[in-house]
Amino acid sequence: MAEGSIKVAETPLVRYLLRRADDALILGHRLSEWCGHAPMMEEDMALANMGLDLIGQARTLYTYAAEVEAAGHDEDAYAYRRDVRGYGNLLLVEQPNGDFARTMVRQFFYSAFMDPYWRALMASPDATLAAIAAKAEKESAYHLRHSAEWVIRLGDGTDESHRRAAEAVAHLWAFTGEMFEADAGERALIADGVVPDPESLRAPWRAAIADVLAQATLAVPEGGWMQKGGRSGAHSEHLGHLLSDLQYMQRAFPGARW
Amino acid sequence: MAEGSIKVAETPLVRYLLRRADDALILGHRLSEWCGHAPMMEEDMALANMGLDLIGQARTLYTYAAEVEAAGHDEDAYAYRRDVRGYGNLLLVEQPNGDFARTMVRQFFYSAFMDPYWRALMASPDATLAAIAAKAEKESAYHLRHSAEWVIRLGDGTDESHRRAAEAVAHLWAFTGEMFEADAGERALIADGVVPDPESLRAPWRAAIADVLAQATLAVPEGGWMQKGGRSGAHSEHLGHLLSDLQYMQRAFPGARW
Amino acid sequence: AGLAARFQERIDAEERIEPNDWMPAAYRKTLTRQISQHAHSEIVGMLPEGNWITRAPSLRRKAALLAKVQDECGHGLYLYAAAETLGASREELVDQMLSGKAKYSSIFNYPTLTWADIGAIGWLVDGAAIMNQIPLCRCSYGPYARAMIRVCKEESFHQRQGYEIMVTLAKGMAEQKEMAQDALNRWWWPCLMMFGPPDAASEHSDASTRWKIKRFSNDELRQKFVDATVPQAHYLGLTLPDPDLVFDEATGHWRYGAIDWEEFKQVLAGNGPCNRDRLAARRKAHDDGAWVREAAQAFAEKRRAAKHAAQAA
Amino acid sequence: AGLAARFQERIDAEERIEPNDWMPAAYRKTLTRQISQHAHSEIVGMLPEGNWITRAPSLRRKAALLAKVQDECGHGLYLYAAAETLGASREELVDQMLSGKAKYSSIFNYPTLTWADIGAIGWLVDGAAIMNQIPLCRCSYGPYARAMIRVCKEESFHQRQGYEIMVTLAKGMAEQKEMAQDALNRWWWPCLMMFGPPDAASEHSDASTRWKIKRFSNDELRQKFVDATVPQAHYLGLTLPDPDLVFDEATGHWRYGAIDWEEFKQVLAGNGPCNRDRLAARRKAHDDGAWVREAAQAFAEKRRAAKHAAQAA
């Protein structure tokens, strides 16, 4: 039992929880890669801070998934013993850090969605979900503010920072459509009023993006094709390499406790 | 038995073989990282070619080690199921690829040692070692020629290539001293005439380096402190990350055959 | 007109056209485009497989995969050389690819997510490529035909190697078999698209057929591929991801379901999962390598100048 | 001279010196050097532990490690702020470190090779740092003393966390216990060197002692550390890598073997296993981040100008 990957009994709620947990873990992991390498010490602090919040969110979501699945798994089993095809995070969050502009635009696109999403989820009749959302919302409000401020600063900073910010927006735009998707299982949860409909957040998200990009003197990209696949495990090639680092210890020392 | 890392019964000969195999594997792995990313297609070919030779050398050395150790291990057990502290490769070969100048200078420093080393080992009374050496020497002669040509071309090319080549020489120099070291176990093999004394190759190596660097209009660094530790598993932080990629599949699917 | 007629007579007589022979400008242009696209595909094709070299699950597989990717680079080099016989330069052709003006095979815009994808690429992608390429060994243009003979020989070795990876997975642990099925699920339809649009919608084919560049239609080749591959999948104990797939006793062919040409169009338009990553990787290699190419050139010029000076003295 | 005498009287009376107080130039210089070296150490110290954040073996450990490294960055920031009260600017201090002119603690020039190194750093390196730093909480210079109080509180939390990692390993599988022993073997001697050269060979100490910056000698602190740590190692069931280590019943101290000061000198001279990697990493972060800092400054200036313009209108 201690060897290899786990099999997850994916009811709609378990799958829902794992996907959100995966988002938070993978983005938190990406942010943690900056540690010691940020453009200024204050950003070493801020990036670590956001990374910690996200890893914390992942832990509570995984832990709740373990409770719902009731198959003897725990947060570490989900994080360390599922292969790339079992991960259900958004393609957006697994994109490499790139330069600081990419990291901040990625964070901004994600947080501008998640902040209202958590707020909506606070109304869930599922008390655990509502509590997780209430805590996460406080964090995401800060992530949104911090990343938006940087997007504005970079967009309206120097020519170089403008160019890099514009490039980051153009590059990451195609990964934003996936945030508004829901599969049949999630649709059922939405229909039952357990979780919010991400589609309902599209207009407010667009408005928030338009507002910040305008302040940043950056253009909002025109529609365009949207990439998807992350939710069903069809990831980019980047995730596998992230997981070989992330999972190395648990894979190399099966059964050990740390 | 299929789980976790293996324990190796390290007689002097087994340790000797594993160290050389590790050199070849790690350097071959580094070269393979260039695949599809080289500065010109001809170099994609050449780097892959050298990488293949080195991985091939690693395989024959591991296979012979398995025969000598006679503990049921095979080439893959050694490559995929030893942790970073069990690897005995030179620090030189695990250094990141850096730019093309670093890769070529690293190759040149290594091949300028290994080519005469293999030639000397061809005289070993151990017929298997002699045969491995005879094959490897043909390969290392090409590696030496190819890398020396590039060192000359870069050193005597443009100002930028000269600067990069000089920087690579300065950076990698401290890792060359370890090639001439031998521990007590290896000293015993040397005393028995089984393997050559690496110390005896120091002067010819220096002469070869001096000749090529002169053609490259590059200075030979002055003495200086030499790093060591690779042979006893005291590696740089780079090797662990290399191994998380290298070993991921065997660690994640314990017991599987591929 | 006499030249054109004479040219077509030679083609019809199955003679090979060689670089110094007269040929219509359109023939030259068509071939340059086709050969260079083929070369670009070999080069970009190094990336998805290259993604697994560092993680190959055994040393034997690692060496074989590295050798395979190296072969692909070699194919790219022969093919650029063949295209150069038509008057283009490799540099200019490569620039067209890097700028996005020239295409490469869309199949390389899909990611390799698991080790089984390496098996599936060998088995299916190389298998489909061979179907396309075998007839090209008899292409009317000599240098292309000869390059293809060499390429096909190596490709069929790769194809067998890929199938052998799949056999190993299919016979392996449950997780390995799942991995193999998953790879088949993801690669099957994109491979069918490798043969290009259905004959009804296809461009270029008329002239190419007349010039004996193209000897079979897209749909004919696709059918050959399906007929060859379905039994191999069954041998592996895998299920093809096509509920409409059925053997037609009357024709002896496997009939397959409708292909999602919208996906094909999107990938072709640059919206596949990896289009941007592939181009970015190739551009980065090109840009990062500029100083090396410049150094090599500067060095060669210095040596040339020194030699002249020595001869003059 | 009156000022100097008055200053020393205040020191002797255990009064705190504050930024606006008169102080001798040498006092200012010594403190600036010491505080900024301490700050650099916190910042460079993020790297060896940062190396394991992406590979931490459980989510709990990952979060704790990330938080710890973040704390270190915070310590760096307080300490630079304390140094700035002496008239230096953070930018100039950081430049001295990046150019290699200013030092940071040599302990960070050793690599973290296994997860156990994260435990060993917390237990031993932070343990040694605390021994050095607790007396600094009573340092004569107010801002430094106050920064150290906060730093020490967090460090002792980190130290307990590190020890707890070691406990878990020592109680774990055979491989984990080996990993713990191996880490102790590698970190023990470098940690003893953290207290600096033996008293007989030590510079600076006289003035620092008189100014109540330094309250214990290097050897005194080293002995305290050994006495505190040896029983902890025994509790873990680990062996200290010092065959000469023996408990002296008469003095109640653990006597330790000879320290290899040649190694210490070499690491200090830039020849440790990681000196170049550490500086290269910090320089790269600094250089790669230049455009971000410039953008932030340009933006702030634009906004300031806009505000002025609005006020003027």
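The values are calculated or read from the model by the stated rules, or taken from the named source; none is laboratory data. This structure is a prediction, so every number in the text was calculated from the model and none was measured. Note that each Cβ is placed from the backbone with ideal geometry, even for glycine, and that neighbours are counted across all protein chains shown. Side chains are part of the model used for accessible areas, which takes the heavy atoms of the whole protein and leaves out ligands, DNA and RNA. Shrake-Rupley method; radii C 1.70, N 1.55, O 1.52, S 1.80 Å.
Results, tabulated for the structure shown:
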quantity	calculated
Per-residue SASA entry for D:Met179, accessible area with 1.4 Å probe, Å² rounded to 10	10 Å²
Crossing angle, helix D:2-12 versus chain D [Cα axis fit, 0-90 degrees, rounded to tens]	40 degrees
Vicinal HN-Hα couplings computed from phi for the range C:103-114 (Karplus, 6.51 cos²θ - 1.76 cosθ + 1.60; Hz; Gly/Pro x)	8, 9, 4, 4, 4, 7, 8, 9, x, 9, 9, 9
Among C:His286, C:Asn275, C:Ala305 the positive-end extreme of the charge dipole of the range C:262-305 (Cβ point charges)	C:Ala305
Estimated buried accessible area (total), pair C and B, 1.4 Å, Å² to nearest 100	4200 Å²
For D:Lys302, label point 7 Å along C-beta direction: distances to other copies, nm	4.5
Note, ³J(HN,Hα) from phi for the range B:119-129, Karplus 6.51, -1.76, 1.60, rounded to Hz, x at Gly and Pro	4, 5, 5, 4, 8, 4, x, 7, 4, 5, 4
The range B:89-160: relative contact order in percent, alpha carbon pairs under 8 Å with at least 6 residues between	35 percent
Cβ-derived FRET efficiency at R0 41 Å, D:Ser99 paired with D:Ala312, nearest 0.05	0.45
Neighbouring partner chain Cβ atoms per residue of C:280-289, average, 10 Å criterion	3
Nearest-ten-degree value, helix D:25-44 long axis tilted from longest Cα axis of chain D	60 degrees
Helix axis angle, B:202-215 relative to chain B longest principal axis, alpha carbon, degrees	40 degrees
Label point distance in nm, A:Ala219-D:Ala200, each placed 7 Å from Cα along Cα→Cβ	7.6 nm
Test item: Cα-centred dipole of the range B:12-252, Lys/Arg +1 and Asp/Glu -1 on Cβ, debye	240 debye
Amide proton proximity set for D:Ile17, modelled H, under 5 Å, gap of 5+	D:Tyr141, D:Gly142
Nearest-first distances (nm) between copies at C:Leu3, label 7 Å from Cα via Cβ	9.6
Over 27 Å between alpha carbons, listed pairs D:Lys62/D:Lys153; A:Lys228/C:Lys265; D:Lys62/D:Lys224	D:Lys62/D:Lys224
Accessible area expressed per residue, the range A:136-258, with surrounding protein chains retained (probe 1.4 Å, Å²)	39 Å²
Calculated FRET efficiency for the pair C:Ser156/B:Ala9, C-beta based, R₀ 51 Å, to 0.05	0.70
Accessible carbon and sulfur surface of the protein assembly as shown relative to its total accessible area, %, 1.4 Å	56 percent
Contact order normalised by residue count of the range B:12-252, Cα under 8 Å, 6+ apart, percent	26 percent
Label-to-label distance, nm, for residues given as A:Ala203 and A:Ala170 (7 Å Cα→Cβ offset)	3.1 nm
Of B:Pro196, B:Pro39, B:Pro116, the one that fluctuates the most in a GNM where chain B has Cα springs shorter than 10 Å	B:Pro39
Average other protein chain Cβ within 10 Å of Cβ, residues B:154-163	5
Cα gyration tensor shape for chain C, rounded if a/c is under 1.5, else prolate or oblate	oblate
Chain D: relative contact order in percent, alpha carbon pairs under 8 Å with at least 6 residues between	18 percent
For the range D:45-117 and the range C:40-68, distance of Cα centres in Å	38 Å
Gaussian network model of chain C, Cα within-10 Å springs - most flexible of C:Lys212, C:Lys103, C:Lys62	C:Lys62
5 angstrom amide H check on D:His253, placed H, neighbours 5+ away	D:Asp248
DSSP beta bridge pairing in the protein assembly as shown, given as percent antiparallel to the nearest 5	75 percent
J(HN,Hα) series, the range C:294-302, from Karplus relation 6.51 cos²θ - 1.76 cosθ + 1.60, nearest Hz, glycine and proline x	5, 5, 4, 5, 4, 5, 4, 5, 4
Candidate lysines for bridging to A:Lys7, where Cα separation is under 23 Å - those fewer than 8 sequence places away on the same chain excluded	C:Lys171, C:Lys177
Average beta carbon contacts from partner chains per residue of D:172-179, 10 Å cutoff	4
Inter-probe distance in nm under a simple model that places probes 7 Å from Cα toward Cβ, at D:Glu301 and D:Arg210	4.7 nm
For the range A:189-258 and the range D:254-313, distance of Cα centres in Å	32 Å
Rounded accessible area of C:Thr209 (nearest 10 Å², 1.4 Å probe)	70 Å²
Alpha carbon centroid spacing (whole Å) that separates the range A:1-80 from the range D:213-253	41 Å
